[in-house]
Amino acid sequence: FAVMNAPVMRDEDDKAGVYVAAAGLARGWKGAIIQASRDGVTFENGPQATVSATMGELTAELPAHSRYAQDWANTLAVTLYPLSGELDSVTHEQIIAGANAAAIVYPSGKVEIIQFQTATEIAPRQYELTGIMRGRKDTAPGTHAAGATFVLLDNNVRFVAIKPDDL
């Protein structure tokens, strides 16, 4: 489960809110109900996540790199959760059109949006991603520790609006 303080990804999400991704870890997973608490005691039910997001964890540190050039020097090593989807390679033209966008979640909940060109599956659910574009959507490129959450930004990531006074 990941809550992400990220820039607006879709026009319909252009309001106060956060993005949420949930993934099942076992076969019996049927989804998740997103809940929010403003007072730490009572909870409100929000949207349901009925499809597992494509997400996992970094298995090695990803060093910082400039946002101004495609990073072919570093490899992003990711292990996807058991019920997650797969990662695919794309062309440079597809990256320019927005393909393979993903979030790496900092401990604060803020994210760095990246894109990757090449996805090489080295073992079941384990990928090495190269040709990385860093700091997309004006997010802060930086170093990411092993264990950081990785989320593919596709239609399985949900937007949860928050009230203006939640800010």
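Observations, loosely collected:
- Candidate set from segment 117-167 (those that are in contact with a helix residue (DSSP H, G or I) (Cβ under 8 Å, 6 or more places away or on another chain) and part of a loop (DSSP other than H, G, I, E, B)); member that is farthest from G24 (Cα to Cα): G131
- Checklist (1) in a strand (DSSP E or B); (2) of a type outside the set (D, E, K, R); (3) modelled with pLDDT under 95 applied to P82, failing item: (1)
- Any chance L58 is within 27 Å of T120 (Cα to Cα), crowded, with 16+ Cβ neighbours inside 10 Å and at pLDDT 80 or above: yes
- Number of positions in segment 106-120 that are more than 15 Å from M9 (Cα to Cα) and surrounded by 15 or more Cβ atoms within 10 Å (Cβ to Cβ): 5
- Some residue of segment 9-29 being open to solvent by less than 60 Å² (accessible area, probe 1.4 Å) and touching a Gly at 6+ places or on another chain (Cβ under 6 Å): no
- Among residues that are surrounded by 20 or more Cβ atoms within 10 Å (Cβ to Cβ), basic (K, R), under 24 Å from V8 (Cα atoms) and in contact with a His (Cβ under 7 Å, 6 or more places away or on another chain), R134 is included.
The values are calculated or read from the model by the stated rules, or taken from the named source; none is laboratory data. The structure displayed is predicted, hence computed values, not measured ones. Counting neighbours? That spans all protein chains shown, and the Cβs are built from the backbone with ideal geometry, glycine included. Remember, those area values only see protein heavy atoms, side chains included, never the ligands or the DNA or RNA. Shrake-Rupley method; radii C 1.70, N 1.55, O 1.52, S 1.80 Å.
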